[in-house]
Number of protein chains: 2
Amino acid sequence: MEELVSRIQKDGNVLGEGVLKVDSFVTHQVDPELMEKMGARFAEVFAESGITKVVTIEASGIAPALYAAKQLNVPMIFARKAKSLTMDEELLTSSVYSFTKQVTSTISISRKFLSNEDKVLIIDDFLANGQAAKGLIELCRQAGAQVEGVGIVIEKSFQDGRQLLEDMGIRVVSLARIASLADGEVAFREADA
Amino acid sequence: MEELVSRIQKDGNVLGEGVLKVDSFVTHQVDPELMEKMGARFAEVFAESGITKVVTIEASGIAPALYAAKQLNVPMIFARKAKSLTMDEELLTSSVYSFTKQVTSTISISRKFLSNEDKVLIIDDFLANGQAAKGLIELCRQAGAQVEGVGIVIEKSFQDGRQLLEDMGIRVVSLARIASLADGEVAFREADA
């Protein structure tokens with residue numbers, strides 16, 4: 001997506017060790033207009049997939065997922081990283097290993113919100129090792145729901161997340177694909193949409 | 001807001017100990033259309049306040065804050081509950097005590113996103129004891145920003161959060177105000193908008 005790539009070139013910052021910082025428009029401060037356009041793009045790509053739910057994980061995935069869900073006219077569900085006080089009923093749970101934090105955390109969705117009649121579009125802000133997306137796919141599959149695809153705002157194509165998801169039979173649609181962050185420069189490859 | 005009140009009556013569940021569960025349309029599964037309407041309502045109320053930033057806290061505040069920001073044509077910032085890997089620069093921080101969890105946590109916003117030229121609308125999903133909103137107000141004031149008001153989706157008017165904020169000189173606008181959750185029933189009082 002041209003506008004996203006331009007924005008990353010303009011406002012993204014490369015930190016050491018393969019980190020791309022987009023906290024001025026995606027992960028901390030959020031540009032609602034760009035989010036709406038990205039949500040619309042995801043909705044367009046998956047318009048014929050019969051999506052019934054959009055699923056993401058708190059917190060940075062919520063904005064693009066919300067606009068995709070709005071466009072598709074379906075509910076959005078965000079998986080929780082910790083059990084909340086009022087999540088008292090049966091949960092779908094999955095373990096997600098974070099390579100950056102080197103910890104395994106549990107993510108969960110209330111079972112009542114996903115069923116074997118659902119067709120799910122998973123949305124997240126970043127795809128790197130693919131562990132978060134894999135965890136979300138596992139939650140959906142526990143419920144018997146069909147995952148129609150994973151929509152990603154920024155894919156780090158030099159990490160193996162995309163391969164992992166494709167090996168699970170999942171369609172991946174990334175709006176920006178980063179080939180490399182070497183020498184403090186963002187090098188792109190052709191995006192999916 | 002009539003539509004929100006109806007939805008709470010239809011889909012809200014009262015748990016023991018003053019907990020109102022709205023996880024099917026606000027706090028876990030999210031109704032994008034309702035969120036858009038609520039965001040528009042906040043934007044309408046604060047249309048003449050010269051808002052430059054909408055501020056919320058992850059995760060349930062993001063959806064209504066995003067739509068309010070979209071309508072006001074300004075960025076949305078969500079405060080983080082824990083320091084993230086890529087938040088390496090100077091932070092505004094504040095402590096928030098949770099009565100339900102009985103723990104104090106630190107919330108933060110990167111200093112670069114708020115300045116003394118900002119006029120802030122704070123949005124959150126719930127107002128109970130007011131500790132989260134108070135923490136967000138403190139972050140804004142640390143930056144010298146002016147808090148023009150706090151917009152709340154659901155206020156528990158039987159707790160003292162609203163009074164706390166008003167004592168700080170803050171305007172509070174709640175789309176639904178809950179007078180009582182006694183006997184498993186939701187009793188409303190007149191909302192602000």
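For the reader, a short list of remarks on this structure follows.
- Residue list for the range B:86-115, filter: in contact (Cβ under 8 Å) with a residue 24 or more places away in the chain and under 22 Å from residue A:11 (Cα atoms): B:92, B:108, B:109, B:111, B:113, B:114, B:115
- Residues within the range A:24-45 that are under 18 Å from residue A:152 (Cβ atoms) and under 16 Å from the mean Cα position of the chain (by Cα), tallied: 15
- Looking across the range B:173-193, the residues that are within 24 Å of residue B:148 (Cβ to Cβ), part of a loop (DSSP other than H, G, I, E, B) and among the charged types (D, E, K, R) come down to B:190, B:192.
- Residue B:174 being of a type in the set (Ser, Thr, Tyr) and touching a helix residue (DSSP H, G or I) at 6+ places or on another chain (Cβ under 9 Å): yes
- Subset of the range B:1-55 (residues that are within 10 Å of another protein chain (Cβ to nearest Cβ) and either in a strand (DSSP E or B) or of a type in the set (Lys, Arg) (or both)): B:13, B:15, B:19, B:20, B:21, B:29, B:30, B:53, B:54, B:55
- The listed residue being in contact with an Asp or Glu (Cβ under 7 Å, 6 or more places away or on another chain) and of a type in the set (A, V, I, L, M), out of A:59, A:68, A:63: A:59
- All positions within the range A:58-87 that are more than 7 Å from chain B (Cβ to nearest Cβ), out of contact with any Ser or Thr (no Cβ under 6 Å at 6 or more places or on another chain) and at pLDDT 95 or above: A:61, A:64, A:67, A:68, A:71, A:72, A:73, A:79
- Out of A:130, A:169, A:151, sole residue that is in contact with a helix residue (DSSP H, G or I) (Cβ under 7 Å, 6 or more places away or on another chain) and at positive phi: A:130
- Some residue of the range A:45-58 being touching a residue at least 40 places away in the same chain (Cβ under 8 Å), on the phi < 0 side of the Ramachandran plot and of a type in the set (Phe, Trp, Tyr): yes
- The range A:88-101 - residue that is under 25 Å from residue A:156 (Cβ atoms) and at the interface with chain B (Cβ under 9 Å from one of its Cβ atoms) and, of those, modelled with the highest pLDDT: A:101
- Flag for residue A:15 being more than 17 Å from the chain's Cα centre (by Cα) and either buried (at least 22 other Cβ atoms within 10 Å of the Cβ) or within 26 Å of residue B:55 (Cβ to Cβ) (or both): yes
- If the condition is being in contact with a Gly (Cβ under 7 Å, 6 or more places away or on another chain) and under 15 Å from residue A:56 (Cα atoms), then the range A:96-118 contributes A:96, A:107.
- Subset of the range A:159-192 [of a type in the set (Gly, Ala, Ser) and at pLDDT 95 or above]: A:161, A:169, A:174, A:176, A:179, A:180, A:187, A:191
The values are calculated or read from the model by the stated rules, or taken from the named source; none is laboratory data. Quantities reported herein were computed from a predicted structural model and do not represent experimental measurements. All Cβ positions, glycine included, derive from the backbone under ideal geometry; neighbour counts span all protein chains shown.
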